[in-house]
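Peer 1: Shown below is the structure under consideration.
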């Protein structure tokens, strides 16, 4: 298997055991390249004994959050976290799963289809309440809300465009993400919305995207609201706001001009895989939509 699978979290209680135990239940679970990108890694010890966790790291240095931030407080910076995983992935394909998630039966098999099709595979989700999970198996829950992409979609792989890319679970060729210069950090960190923006750039750059309703995860709805959330700011008033402006940019983009330095994400990844530490990056120093210095946020 040429797949690196990364679990993304910044929560105080992400229920990572749900992910690891449900991964162990998958028929094709013999992955040797599993990573946890964990904003709180240095605050808590996690025991991965018995699980093939190769990486447990904090997101790479960035201007929005963590010890090298320019902002007064930590902001949501998922694009940076996803780029961290992309730099660490030492396989030809990569998959992402959000926290508070349980992999349903067959998830990994569908995710691995990205290898055969050389395409980006988009998983489905259901948000549920009172979720009870035992050793990776869902025992009970109460319905809450379903993926808006689900209704009317047949089983299997449905061709789709970039607007269908939600970040909760997906897999694809590493090359497809390198081609667009990684996730839109400069465009979306501090706000979010990096998933749909990435979807448009992937589609525009020639990647094939498939939505797979059977590649299902369940997410705990209540746990999304426990603990202090990362701050997000969508400046402006809709529809004249930052998120709409970012979407407009992404819809016309084949690559993102992230501030990775010479060689872009490819060179940063090459250096990371060669064993070099991530550089301390404190650019951009302004929020692009308003021009506000990050030090004032």
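The values are calculated or read from the model by the stated rules, or taken from the named source; none is laboratory data. Model, not experiment: these values are computed from the prediction. Quick reminder, even Gly has a Cβ in these numbers, built from the backbone with ideal geometry, and neighbours come from all protein chains shown.
Peer 1: Of (1) touching a residue at least 24 places away in the same chain (Cβ under 8 Å); (2) assigned to a helix (DSSP H, G or I); (3) surrounded by fewer than 14 Cβ atoms within 10 Å (Cβ to Cβ), residue 267 satisfies all except one. Which?
Peer 2: Every listed condition holds for residue 267 apart from (1).
Peer 1: Is it true that some residue in the stretch 132-154 is under 20 Å from residue 93 (Cα atoms), in contact with a helix residue (DSSP H, G or I) (Cβ under 6 Å, 6 or more places away or on another chain), buried (at least 18 other Cβ atoms within 10 Å of the Cβ) and in contact (Cβ under 8 Å) with a residue 12 or more places away in the chain?
Peer 2: No, because not a single residue in the stretch 132-154 is under 20 Å from residue 93 (Cα atoms), in contact with a helix residue (DSSP H, G or I) (Cβ under 6 Å, 6 or more places away or on another chain), buried (at least 18 other Cβ atoms within 10 Å of the Cβ) and in contact (Cβ under 8 Å) with a residue 12 or more places away in the chain.
Peer 1: Something else now. Filter the stretch 32-49 for residues that are in contact (Cβ under 8 Å) with a residue 40 or more places away in the chain and assigned to a loop (DSSP other than H, G, I, E, B); which is surrounded by the fewest Cβ atoms within 10 Å (Cβ to Cβ)?
Peer 2: Per the criteria, the residue is 39.
Peer 1: Check whether at least one residue in the stretch 172-183 is buried (at least 18 other Cβ atoms within 10 Å of the Cβ), modelled with pLDDT of 95 or more, over 18 Å from residue 256 (Cβ atoms) and in contact with a strand residue (DSSP E or B) (Cβ under 8 Å, 6 or more places away or on another chain), and report yes or no.
Peer 2: No, the stretch 172-183 contains no residue that is buried (at least 18 other Cβ atoms within 10 Å of the Cβ), modelled with pLDDT of 95 or more, over 18 Å from residue 256 (Cβ atoms) and in contact with a strand residue (DSSP E or B) (Cβ under 8 Å, 6 or more places away or on another chain).
Peer 1: Going through 260, 289 one at a time, which residue ends up being over 25 Å from residue 99 (Cβ atoms), in contact with a strand residue (DSSP E or B) (Cβ under 8 Å, 6 or more places away or on another chain) and part of a loop (DSSP other than H, G, I, E, B)?
Peer 2: 289
Peer 1: Considering the stretch 207-227 alone, what residues qualify as being in contact (Cβ under 8 Å) with a residue 40 or more places away in the chain and either part of a loop (DSSP other than H, G, I, E, B) or loosely packed, with under 13 Cβ neighbours inside 10 Å (or both)?
Peer 2: Those that are in contact (Cβ under 8 Å) with a residue 40 or more places away in the chain and either part of a loop (DSSP other than H, G, I, E, B) or loosely packed, with under 13 Cβ neighbours inside 10 Å (or both): 207, 208, 221, 226, 227.
Peer 1: When you go through (1) modelled with pLDDT of 95 or more; (2) more than 25 Å from residue 226 (Cβ to Cβ); (3) part of a loop (DSSP other than H, G, I, E, B) one by one for residue 29, which number turns out not to apply?
Peer 2: Residue 29 satisfies all of (1) modelled with pLDDT of 95 or more; (2) more than 25 Å from residue 226 (Cβ to Cβ); (3) part of a loop (DSSP other than H, G, I, E, B) except (1).
Peer 1: Here's something else I'd like to know. Quick one: residue 81 ticks every box in (1) over 19 Å from residue 15 (Cβ atoms); (2) outside any loop (DSSP other than H, G, I, E, B); (3) under 14 Å from the mean Cα position of the chain (by Cα) bar one, so which box is it?
Peer 2: Evaluating residue 81 over (1) over 19 Å from residue 15 (Cβ atoms); (2) outside any loop (DSSP other than H, G, I, E, B); (3) under 14 Å from the mean Cα position of the chain (by Cα) leaves (1) as the failure.
Peer 1: Return yes when residue 234 is surrounded by 20 or more Cβ atoms within 10 Å (Cβ to Cβ), within 30 Å of residue 294 (Cβ to Cβ) and touching a residue at least 24 places away in the same chain (Cβ under 8 Å) and no when it is not.
Peer 2: no
Peer 1: Considering only residues of the stretch 93-106 that are surrounded by fewer than 24 Cβ atoms within 10 Å (Cβ to Cβ) and under 13 Å from the mean Cα position of the chain (by Cα), which is farthest from residue 185 (Cα to Cα)?
Peer 2: 99
So that you can scan it fast, the table gives a plain yes or no per residue for (1) in contact with a helix residue (DSSP H, G or I) (Cβ under 6 Å, 6 or more places away or on another chain); (2) surrounded by fewer than 20 Cβ atoms within 10 Å (Cβ to Cβ):
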{"position": "51", "(1), (2)": "yes, yes"}
{"position": "57", "(1), (2)": "no, yes"}
{"position": "64", "(1), (2)": "no, no"}
{"position": "73", "(1), (2)": "no, yes"}
{"position": "76", "(1), (2)": "no, no"}
{"position": "80", "(1), (2)": "yes, no"}
{"position": "91", "(1), (2)": "no, yes"}
{"position": "115", "(1), (2)": "no, yes"}
{"position": "127", "(1), (2)": "no, no"}
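Peer 1: Shifting gears a bit: Read through the list (1) in contact with a strand residue (DSSP E or B) (Cβ under 9 Å, 6 or more places away or on another chain); (2) without any contact (Cβ under 8 Å) to a residue 60 or more places away in the chain, then give the number of the only condition that residue 89 fails.
Peer 2: (2)
Peer 1: In addition: Which of the residues that make up the stretch 97-121 are within 26 Å of residue 221 (Cβ to Cβ) and assigned to a strand (DSSP E or B)?
Peer 2: Passing the criteria: 97, 98, 101, 102, 103, 121.
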